[in-house]
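> Okay, handing you the structure first.
Just so you know, all these numbers are worked out from the coordinates, no wet-lab data involved. Predicted model, so just to flag it, every value in this text is computed and none were measured. Cβ atoms come from the backbone with ideal geometry, glycine included; neighbour counts cover every protein chain shown.
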Amino acid sequence: MPNLKDIKTRINSVQNTKKITKAMKMVAAAKVKKAESTVKASRPFSDELLHLFRKMLGTVNEYSKQGLKVERALDNYPELITPREVKAEGLLVITSNKGLAGSYNANIIKAAFKRIKENKENGIKTIIYPVGQKAISAFKHKNSDDYVLKKGYMAIANNPTAIGASVIAEDMAKDFIEGELDSIDIFTTHFNNMMSYNVVTWEILPVKVEKAKKNEIDPLMTFEPSPHAVLKQLVPMYITNSIYQALLEANASELASRMTAMSAASNNAENMINTLTVDYNKARQGAITNELVEIVSGANSVNN
């Protein structure tokens, strides 16, 4: 017969767990609405920026470093938009700092390791730029010779900002300009809705944007002081915004995934509590029945 004390202890333990998961669900639900609004509000700007960028590339056919004043790596736009043979690839892997978000982090890390394997088979060196504690831990503890782990970014995983995105963009642009790597891809998620997201890969360096066709370019449009001066501002903005958008998408997806996971955990805890309560009542009834049988048996023995 099950021990009543053990069952009661387990019920209390599951009830405490349920309180935690329910609280985490409420916190995630409170944050995810704001994150959803932010990511959806930022998409039109990103789309329009891409549209303008395509027009610029369709207008400016030649890129030269001559007379270009470069104060930071992101300013060297001719180099950043010039494709080269890929011998080393950088991966910006965006995860969260905390777990208990279902399979969110695992899916992104799994996709990144798949790319690492493909690069190894093709003789391409892989350099990892991890965002979030989960990515940092996953690649740090693996101790693999298949990739090089660069500086990690933790704070920005919880609080995506344009400033944080510009720091990451400058670090990667610097490594790209110095020839440490030949291309950079972002591994993030695309937020669909509160119930779904999907892992996506964005090519970021060199900047690969399809040029606008002639019929898409307004012949009356002029660029001041010059198309090259505009490109110098537009390329860093496009790269930084792409990283910022990826961070926003990842943040919203993480919160939605955590809310769903904690909701499921709370429901499972409730079901387990109900099952254990039934077991407890059965065991208690069995104990009472045994006590009654013993009392009746004792009374019969005395009477006899």
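> Using the count of nearby Cβ atoms within 10 Å as a rough guide to exposure, how do Met195, Met237 rank from fewest to most?
Sorted ascending by nearby Cβ count, the order is Met195, Met237.
> Count the net charge of all other residues whose Cβ sits under 9 Å from the Cβ of Lys69, scoring Lys and Arg as +1 and Asp and Glu as -1.
Once positives and negatives cancel, what remains is -1.
> Then there's this: Taking the mean number of other Cβ atoms within 10 Å as a proxy for protection, how do you rank 106-118, 243-255, 166-178 from highest to lowest?
Going by the mean number of other Cβ atoms within 10 Å, highest first, we get 243-255, 166-178, 106-118.
> Can I ask one more? Give, in nm to one decimal, the length gained when the segment between Asp47 and Arg284 is fully stretched (0.36 nm per residue of separation minus the Cα-Cα distance).
78.8 nm
> Hey, which aspartates and glutamates would be in cross-link range of Lys125, C-alpha to C-alpha under 15 Å, not counting anything within fewer than 8 residues on its own chain?
Glu85, Glu89, Asp145, Asp146, Asp175, Glu180, Asp182, Asp185
> Could you identify which residue out of Ala155, Ala287, Ala265 has the top mean-square fluctuation in a GNM of the chain using Cα springs shorter than 10 Å?
In this elastic network of the chain, the residue with the biggest mean-square fluctuation among Ala155, Ala287, Ala265 is Ala287.
> Let me ask something additional. Any aspartates and glutamates with Cα under 18 Å of the Lys19 Cα? List them, leaving off those in the same chain fewer than 8 positions away.
Glu270
> In the chain, what percentage of the DSSP-assigned beta bridges are antiparallel, given to the nearest 5?
Around 35 percent of the beta bridges assigned by DSSP in the chain are antiparallel ones.
> Now for a separate question. Which net charge results when you count Lys and Arg as +1 and Asp and Glu as -1 among the other residues whose beta-carbon is under 9 Å from that of Ala28?
Working: positive: Lys25, Lys31, Arg258; negative: Glu254.
Taking every Cβ under 9 Å from that of Ala28, the sum is +2.
> Mind telling me which of Ser263, Ser226, Ser96 comes out most flexible in a GNM of the chain, alpha-carbon contacts under 10 Å?
Most flexible of the set in this elastic network: Ser226.
> Right, another one. Could you work out the helix-only [θ] at 222 nm for the chain, with each DSSP H run of four or more residues adding -39,500 (n - 2.57) and the total divided by the number of residues, to the nearest 500 deg cm²/dmol?
On the way: 7 runs with 185 residues, N = 304.
Mean residue ellipticity, 222 nm, calculated: -21500 deg cm²/dmol.
> Under a Cβ-Cβ cut-off of 11 Å, what is the net charge of the residues other than Ile94 that fall near it, where Lys and Arg count +1 and Asp and Glu count -1?
-1
> If you don't mind, another one. Pull up all non-local amide H partners of Val200: gap of 5 or more, or a different chain, and H-to-H distance under 5 Å with H placed in the peptide plane.
Here the answer is Thr188, Thr189, His190, since their amide H atoms fall under 5 Å of that of Val200.
> Using a ≥ b ≥ c from the Cα gyration tensor of the range 21-262 (square roots of the eigenvalues), is it rounded, prolate or oblate, where a/c under 1.5 gives rounded and otherwise the larger of a/b and b/c decides, a/b for prolate?
Because a/c hits 1.5 or more and a/b fails to exceed b/c, the range 21-262 counts as oblate.
> Defining a contact as two alpha carbons under 8 Å apart and six or more residues distant in sequence, what relative contact order in percent does the chain show?
It comes to 31 percent, rounded to a whole number.
> Check cross-link reach from Lys40 to the lysines: straight Cα distance under 19 Å, and skip same-chain residues fewer than eight apart.
Once the sequence-local lysines are set aside, what remains near Lys40 is Lys31.
> OK, next. Looking at this model, which pairs from Lys34/Lys140; Lys114/Lys150; Lys120/Lys140; Lys8/Lys98 are more than 22 angstrom apart at the alpha-carbon?
Details: Lys34/Lys140 32 Å; Lys114/Lys150 19 Å; Lys120/Lys140 18 Å; Lys8/Lys98 31 Å.
Too far apart for the 22 Å limit: Lys34/Lys140; Lys8/Lys98.
> Order these by the 10 Å Cβ neighbour count, fewest first: His141, His190, His51.
Placing the least packed residue first, the sequence is His141, His51, His190.
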